[in-house]
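This report refers to the structure that appears directly beneath it.
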Amino acid sequence: MNILLASAEVAPFAKAGGLADVTSALPIQWKKYGQNPIVIMPKYGFLDEKKWDIKPTYLTLNVPMGYETEFAHLWRGMLPDADVPVYFIEFNEYFSREGIYGDPNEYFDNDRRFIFFSRAIFEVAKAIDFTPDIIHAHDFHTAFAMAFLKTHYRDDIRFAKTAGVYTIHNLAYQGKFNPFRVMEFTGFGQEQFSEGSWFEHGGVVNSMKTGIMFADKLTTVSPNYSREIRTPYYGEGLQDELNFRGPDLLGILNGVQYDRWNPEIDENIYKKYSADTISDKEINKQNFLEEYGLAGGNGPDIPLIGMVARLTEQKGFDLIESKLEGCIAGGDFRFVLLGTGDKKYIDYFNYIKAKYPSSAYINIGYDESLAHKIIACSDYLLVPSRFEPCGLTQMYALKYGTIPIVRQTGGLADTVSEYIRDSGLGTGFVFLHYDRDDFAYALKRSLSIYKIGPHWDTVRRNAMAMDFSSERSALEYLNVFKWALEKVR
Ligand code: ADP
Ligand code: GLC
C-alpha cells in the first residue's frame, strides 16, 4: 500500500507530545510489513537540517490558496534508522518559526498555516509522482486534507482511488477558525459555509469536525476513548458528529517503540536492567537522587514519584496541587517533574521547587533524555488526567517497572489495571472519579505497597510483562486502511 501520512508533528524532528511519537512509529512499522509509506510535515524554523540530513529536492509546489497560488519548496530526509522518506514543506512565511503551534500563545495565522499544509500534501504527491492508496491525517492540523480529497482532488486521476483516514489524537484541540477568513483560502468560498454544513460548528469553521465528516474511516488512539467521545462529557461538543460517524470510527490503542523505550537497552539511564535484574532499578534511583540534589543526607528511604507531561489542564494538575505540598512536606515521597506549558502551572511548580529543593526536582523544559531517566528512576509515575485519549508515558513506565498511578479514563483505563493484593494481579493504581479524595486514596493505596514483599515485586513484574508494541498497532491501522479502501473501490 502507498501510504501518505501527514502530520504537524513527527518525532524526532518536531514534537510537542505523543502525536509525534505515534506518527514516526507507525510508518517505520508499516515499512517493516512491506508497505510503502511516506511522511509529510512542515519545515519548521527550528529544524536542524544538518543534524537530520535534510536536503532540498529542488522541486517547487504550486499550492492553491483561494484565489492565489503559493509557491513552496520541498525538502527531503529520512526517519532515523528507517527506510522511510520524510518530505518537509518549506514556506518560510508560515513555518520558519521557533514554535510548532505558537509559543506561548497560538500563532494568529494557524488557520492559514495548517490549511495551507493540508492542501500542500496533495501537491507533494504530484511533484514526487506518488499515488497514495491512503492519505492518513492526524488531528485538526491536517483535517482539511480529508475535505480536499473528496472535493478539489476528486477528479484528479492520481487520487481517484485514494481513501482518507483521519486519526483523532485529542479532541480538545479542534482548530476553530473565523469563517470569513478561512472559507476563502480553503477554496470552498463563503457559500459553502452555513449552519449544519460539514465545516461548521457553533457558528465557526471547525477543522476537527471537517475531518470527522469527510474522512472515509476514523480512528482514535484507544478503544476506551473511542467510546467516551460519543458522550457529552468527553465529546467536546462533537459527540453528535462522532455518533453519526460511529460505524466508521474505531479505537486503536497506541503502540510503544520498545527499541527506544526499554530499560535493557536504554543509553539514557545510569544502569540498564530487566525484570530479572530489577534490583538495578534501585541503583538508577539512587544515582538520580544524587545527581538532582534529592539524596538529602541519611533521611528515610521514601518513594520517588515522577511525572513527564505537558503542563495543561488535561493532565490533572489541579488534583496534584491539592495534595502535593502536604505529601512532600510530610515526607510521604519525593517528587520529580519534567514539563512545560501553561504559566499558572509553571508558577506553581517553581514555587514547589523553591520551597522544597531537597524533596522536589522540577525541570520546566523539554528534555528527551531526562524523560527517559525520570521514567526509569522513579518508583511511581503519576498520570491523573482529567481526560487522556491514550497516553504514552504510563506505557513507558510499565516497561521500566515504574508503577503508574492513573485516572480510569481514555487509554489509561485500557493500559493500567489496579493491583489487587489478594490475587496478585494488576499493574498499577487506578481511580475513577476526578476528585481529590479518590485521588488521595489511590496515592495511599500505591504507597502502602512500597517495598512491601511480595507485593512490590509482583506488581513490578506484572507491569514489566505488559506488551503494547507499535508492531500491533501498526497492523491494526493496516486493517483499517483495507477497510477504508473497500469504501472507495
Ligand atoms: P500528550 O500527547 O497528551 O502530551 P502522551 O503521554 O501521549 O501525552 O505523550 C507525551 C510524550 O511527550 C511522551 O513521549 C513524553 O515522554 C513526551 N514529553 C512530554 N513532555 C516532555 C518534556 N517536557 N520533555 C521531554 N519529553 C516530554
Ligand atoms: C494526544 C493525547 C495523548 C495521546 C497522544 C498520541 O496528544 O493527549 O493521550 O497519547 O495524542 O496519540
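Listed values, structure above:
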quantity	calculated
Given (1) more than 27 Å from Ser226 (Cα to Cα); (2) surrounded by 21 or more Cβ atoms within 10 Å (Cβ to Cβ), index of the condition Ala160 fails	(2)
Identity of the residue in segment 379-434, within 16 Å of the chain's Cα centre (by Cα) and of a type in the set (Phe, Trp, Tyr), that ends up nearest to Leu319 (Cα to Cα)	Phe387
From Asp422, Asp437, residue being surrounded by fewer than 21 Cβ atoms within 10 Å (Cβ to Cβ) and part of a loop (DSSP other than H, G, I, E, B)	Asp422
Options Ala463, Ala442; residue that is more than 23 Å from the chain's Cα centre (by Cα) and either assigned to a strand (DSSP E or B) or crowded, with 21+ Cβ neighbours inside 10 Å (or both)	Ala442
Residue identified as hydrophobic (A, V, I, L, M, F, W, C), touching a residue at least 24 places away in the same chain (Cβ under 8 Å) and in a helix (DSSP H, G or I) among Val480, Val406	Val480
Out of Ile420, Ile403, sole residue that is touching a Phe, Trp or Tyr at 6+ places or on another chain (Cβ under 8 Å) and either at pLDDT 95 or above or within 16 Å of ligand 2 (Cβ to nearest atom) (or both)	Ile403
Residue, farthest from the chain's Cα centre (by Cα), within segment 143-179, restricted to residues that are of a type in the set (S, T, N, Q) and in a loop (DSSP other than H, G, I, E, B)	Thr151
Any chance Glu388 is away from ligand 2 (no atom under 11 Å from the Cβ) and of a type in the set (D, E, K, R)	no
Conditions (1) within 30 Å of Glu191 (Cα to Cα); (2) within 16 Å of ligand 2 (Cβ to nearest atom); number of the one not met by Thr220	(1)
Qualifying helices (runs of 4 or more DSSP H) (wholly inside segment 275-389; at least 2 residues being more than 30 Å from Thr220 (Cα to Cα), of a type in the set (A, V, I, L, M, F, W, C) and in the same structural domain as Glu236 (by TED's automatic domain parsing))	none
Residue check, Arg334 within 16 Å of ligand 2 (Cβ to nearest atom) and charged (D, E, K, R)	no
Identity of the residue in segment 206-245, within 19 Å of the chain's Cα centre (by Cα) and among the polar types (S, T, N, Q), that ends up nearest to ligand 1 (Cβ to nearest atom)	Ser222
Residues that are polar (S, T, N, Q) and closer than 14 Å to Gly410 by Cα, drawn from segment 228-253	Thr231
Pairs, first under 18 Å from Leu311 (Cβ atoms) and among the small types (Gly, Ala, Ser) in segment 9-27, second assigned to a helix (DSSP H, G or I) and within 10 Å of ligand 2 (Cβ to nearest atom), C-beta under 9 Å, six or more apart	Gly18/Thr393
Contacts under 7 angstrom Cβ, first residue in segment 34-57 being within 10 Å of Phe13 (Cα to Cα), partner among the hydroxyl-bearing types (Ser, Thr, Tyr), 6 or more apart	Met41/Ser7
Qualifying residue in segment 68-87 (condition: within 12 Å of Leu4 (Cβ to Cβ), in the same structural domain as Asn178 (by TED's automatic domain parsing) and among the aromatic types (Phe, Trp, Tyr))	yes
Selected residue (criterion: surrounded by the most Cβ atoms within 10 Å (Cβ to Cβ)) from residues of segment 180-218 that are assigned to a strand (DSSP E or B) and of a type in the set (D, E, K, R)	Lys217
Segment 215-255, residues that are among the charged types (D, E, K, R) and under 18 Å from Ala172 (Cβ atoms)	Arg227, Glu228, Arg230, Glu236, Asp240, Glu241
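Here is a yes/no grid of residues against (1) of a type in the set (D, E, K, R); (2) modelled with pLDDT of 95 or more; (3) at positive phi:
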residue: Ala120; (1), (2), (3): no, yes, no
residue: Lys126; (1), (2), (3): yes, yes, no
residue: Asp133; (1), (2), (3): yes, yes, no
residue: Tyr153; (1), (2), (3): no, yes, no
residue: Lys161; (1), (2), (3): yes, yes, no
residue: Gly164; (1), (2), (3): no, yes, no
residue: His169; (1), (2), (3): no, yes, no
residue: Gly175; (1), (2), (3): no, yes, yes
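The values are calculated or read from the model by the stated rules, or taken from the named source; none is laboratory data. Model, not experiment: these values are computed from the prediction. Virtual Cβ from ideal backbone geometry, glycine too; neighbours counted across all protein chains shown.
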